[in-house]
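To start, the structure itself, in structure tokens.
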Amino acid sequence: MAEKQEEPSNAQNGEPDNAEEGEGEGKKKKVKREDLPPFEIVTGERLPAIFFKFQFRNVEYSSGRNKTFLCYVVETQGKEPVTSRGYLEDEHAAAHAEMAFFNTILPTCQPGARHDVTWYVSSSPCVTCAQRICEALRKNKGLRLTIMVGRLFMWEEPEMQAALRSMKEAGCKLRIMKPQDFEYVWKNFVEQEEGEEAKSFVPWEDIQENFQYYEEKLAEILH
């Protein structure tokens with residue numbers, strides 16, 4: 001099974017010594033940690049490769065992975081079909097990327113149209129976010145949501161298992177990310193170093209084994 005990870009450096013965890021704040025497409029400026037608000041949501045089109053390699057890794061022991069990275073694709077089926085994509089990142093523990101999607105991304109889509117939404121998330125939603133997802137699906141009949149997760153968050157807890165089942169009952173499709181899904185995120189949501197050619201996705205050790213482990217756990221929970 002997956003090996004236990006050592007405590008990551010700040011850079012690996014997506015929390016460099018000097019936090020970063022978005023400034024234009026693909027540009028970031030450094031901001032001193034003490035200047036940051038209590039929490040914020042980072043948005044963009046592509047996330048840094050180092051964040052992907054650490055945060056999305058489907059290990060069993062998620063030591064230090066205390067953020068949520070959410071990559072989304074929204075396909076709007078209206079008079080003029082539109083596809084939009086991007087990512088959301090929890091900058092601090094008080095913010096939730098799932099909540100931010102419903103508060104900031106979905107409202108910008110065509111009202112009254114059908115929206116087929118796919119999330120690629122580093123870990124499955126917490127109980128509170130699961131409740132928000134259920135509410136959104138019941139309220140918006142034109143919303144179709146598929147969530148692809150790298151890891152299951154606190155899946156041993158009965159309350160979390162109940163929350164996952166409630167999401168399924170509300171119409172949410174829950175899936176564990178396969179190696180091919182990680183590759184898709186790498187190609188479509190991860191930025192390459194400026195001036196470098198696009199690098200191929202390199203699967204980490206045990207990626208297939210860990211996928212099968214989480215897939216079995218999710219099947220047991222949703223059965």
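In table form, for the structure just shown:
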quantity	calculated
Matching residues in the stretch 35-82 - criterion: being crowded, with 18+ Cβ neighbours inside 10 Å, part of a loop (DSSP other than H, G, I, E, B) and at pLDDT 75 or above	F56, R57, N58, V59, K67, T68
Residue match in the stretch 120-130 (condition: of a type outside the set (F, W, Y), out of contact with any Cys (no Cβ under 9 Å at 6 or more places or on another chain) and open to solvent by 50 Å² or more (accessible area, probe 1.4 Å))	yes
Failed condition for S166, given (1) open to solvent by 10 Å² or more (accessible area, probe 1.4 Å); (2) within 19 Å of the chain's Cα centre (by Cα); (3) touching a residue at least 12 places away in the same chain (Cβ under 8 Å)	(2)
Residue count, the stretch 116-132 (criterion: among the hydrophobic types (A, V, I, L, M, F, W, C) and touching a strand residue (DSSP E or B) at 6+ places or on another chain (Cβ under 7 Å))	3
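The values are calculated or read from the model by the stated rules, or taken from the named source; none is laboratory data. Keep in mind it's a predicted model, so treat the numbers as computed, not measured. Positions of Cβ are generated from backbone atoms using ideal geometry, with glycine treated the same way; all protein chains shown enter the neighbour counts. These accessible areas exclude ligands, DNA and RNA; they are computed on the full protein's heavy atoms, side chains included. Shrake-Rupley method; radii C 1.70, N 1.55, O 1.52, S 1.80 Å.
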